[in-house]
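Accompanying notes for the structure given below.
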Amino acid sequence: MTPLSRRRFLQRTAASAAIAGLVPQWAQAAAAPKPNVVLIVMDDGGYGDIGSYGGPDIRTPNIDSLARDGVRLTDFYANGPSCSPTRAGLVTGRYQQRVAIEAPFQNPSTSEEVGLPVTGRALPQLLKNGGYATALIGKWHLGYKPEFSPNRHGFDYFYGFKAGYIDYYQHTNGDGRPDFFENDQPVTHDGYMTDLITDRSVKFIRDSGTKPFFLEISYNAPHWPYQVPDMPSTAVDHSRHLQPHESPGPSRAEYIAMFERADQGVGKILATLAERGLADNTIVIYTHDNGGEWLSRNAPLFNRKQTVWEGGIRVPLLVRWPGRIKPGSRSGQIMASMDFLPTLLAMAGGDPAKAGRFDGLDLSAQLTGAAAPVERTIFWRIKADNQAAVRKGDWKYVRIANKEYLFN
């Protein structure tokens, strides 16, 4: 480079820097591509089921890869000890009691009139307002009527079921009615439900264009009925719910087969992100909706789903965001399902403070390691056995059947 050309180069560089200095920081940040978000929720899995949380007998290499490539939280909590309450907290960013959802919805025959009210401030709606394509594939469990459907809460696309559980092969709910929808239209698709959820998630990712997307993948596995994959149709007893109290009851081996099929699905989803060149700009999150049930392993935690003991509410959380979250990191940040809304909104470039009032916190800086953990106080309450709990720092208060306990 000649002295003249070098001088001109330096002049142009200085001019560019001066112009850049006039651009507000928020405008510069807006120019960066928004990250895609894939949120994977398993149903009734145990805290100690997967390998990265000490699971000894279930092979979960794909789920565990998120711990290797991202952050593992040790103190993440479901908003409730059962399905609908946690999902309400996740979608609204608030305690589920604020929308009168403290217990899981029963089958449509007894709970058809109830559902999550539409406010325009649900997580998918806020991300949609910010330019995201949104989809829910799998379980909803927040209302059966069209006015409570995922589409009304901001999901552009819904493929799945609305009840708390369905037959994995016949796709019928506890009332024996068909429960399989594409948006609000009933559909009939043959196949094992876990595989159908995986295949449609893969299709959504492959068909996505240049628009950023928020994809919630809500597996019904390993929730009962305990029906293993690849069973011939003649071998599936659809007259039984296959619960442990039945005779003969299912085994841990059947539970493992269901869980491992979901892990294989996670592998296909991660591979599809990589094939499309989206992995580096996609936040992938893995969690459970509550503690494990009959055949689950909640160790080292005490008790199970439907209780406010740790085994009922503390669940895994793995978050991968290449280039932003340090691989193999671990965090003791106390966090809950309702924190997803403000946290993901912030990660997507939005402003949670302008979006509404939320009980959840924006913990994006804690997940990325940009800030130290903050102390939290979180509350739980369910009517069964008059249960309540409070976690504040290292202290936990529990009330159950009018007996009170305090732990450090």
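Centre-to-centre separation between the Cα atoms of segment 289-367 and those of segment 159-190: 28 Å. With 0.36 nm allotted per residue and the present C-alpha distance subtracted, the Arg357-Lys268 stretch has 28.3 nm of extension available.
Could you state the angle between the C-alpha long axis of helix 83-92 and the longest principal axis of the C-alpha atoms of the chain, as a value from 0 to 90 degrees rounded to the nearest 10? Roughly 20 degrees between the two axes. Placing +1 on the Cβ of every Lys and Arg and -1 on the Cβ of every Asp and Glu, with no other charges, gives segment 304-408 a dipole of roughly 260 debye about its Cα centre. Using alpha carbons only, the radius of gyration of segment 77-127 set against its Kirkwood radius gives Rg/Rh = 0.97. Solvent exposure of the chain amounts to 43 Å² per residue of accessible area, where only protein heavy atoms count and the probe is 1.4 Å. Computed on segment 82-171, the Cα convex hull volume stands at 89 Å³ per residue. Using the Karplus relation 6.51 cos²θ - 1.76 cosθ + 1.60 with θ = phi - 60°, the per-residue 3J(HN,Hα) values for segment 396-401 come to 9, 9, 10, 10, 8, 6 Hz, with x marking Gly and Pro. Taking Cβ atoms as reference points and 11 Å as the exclusive limit, the residues near Pro352 contribute a net charge of 0, counting Lys and Arg as +1 and Asp and Glu as -1.
Here the accessible area is traced with a 1.4 Å probe on the protein chains. For segment 249-303, carbon and sulfur cover 53 percent of it. Could you compute the FRET efficiency for Phe379 and Arg177, with r as their C-beta to C-beta distance and R0 at 41 Å, rounded to 0.05? It comes to 0.70.
Each label was represented as a point 7 Å from its Cα along the Cα-to-Cβ direction; for Lys145 and Ser329 these points are 4.6 nm apart. Counting only aspartates and glutamates at least 8 places from Lys383 when in the same chain, those with an alpha carbon closer than 15 Å to its own are Glu102.
Sorted largest first, the principal axis extents computed over the alpha-carbon atoms of segment 29-186 equal 46, 43, 30 Å.
Eigenvalues of the Cα gyration tensor times 5, then square-rooted: what semi-axes does that give for segment 330-408, in whole angstrom, largest first? The equivalent ellipsoid of segment 330-408 has semi-axes of 29, 16, 8 Å. Measuring against 32 Å, Cα to Cα, the residue pairs Lys326/Lys354; Lys34/Lys139; Lys162/Lys268; Lys139/Lys403 contain Lys139/Lys403 as the ones spanning a longer distance. In whole angstrom, the chain maps to an equivalent ellipsoid with semi-axes of 38, 25, 21, each derived as √(5λ) from the alpha carbon gyration tensor and ordered largest first. Where does helix 252-275 land angle-wise versus the long Cα axis of the chain, in degrees 0 to 90, nearest 10? Approximately 20 degrees, to the nearest ten.
Seen against the Cα atoms of the chain and their longest principal axis, helix 3-22 is set at about 50 degrees. Using a probe of 1.4 Å, the accessible surface attributed to Lys139 totals some 0 Å² when neighbouring protein chains are kept in position.
In this structure, Asp280 and Glu404 have a Cβ-Cβ separation that, at R0 = 60 Å, corresponds to a calculated FRET efficiency of about 0.75. Think of the chain as having a plus end and a minus end, set by charges on the Cβ of Lys, Arg, Asp and Glu; of Ile166, Ala371, Ala221, Ala371 sits farthest toward the positive end of this dipole. Name all residues of segment 352-370 having a backbone nitrogen under 11 Å from the label point set 7 Å from the Cα of Asp394 along its Cα→Cβ direction, giving them as ranges. Flagged as within label range: none. Ordered from highest to lowest accessible area with the whole protein assembly present and a 1.4 Å probe, Tyr219, Tyr157 read as Tyr157, Tyr219.
The values are calculated or read from the model by the stated rules, or taken from the named source; none is laboratory data. Predicted, not measured: the structure shown is a model, and the values here were computed from it. Note that each Cβ is placed from the backbone with ideal geometry, even for glycine, and that neighbours are counted across all protein chains shown. Remember, those area values only see protein heavy atoms, side chains included, never the ligands or the DNA or RNA. Shrake-Rupley method; radii C 1.70, N 1.55, O 1.52, S 1.80 Å.
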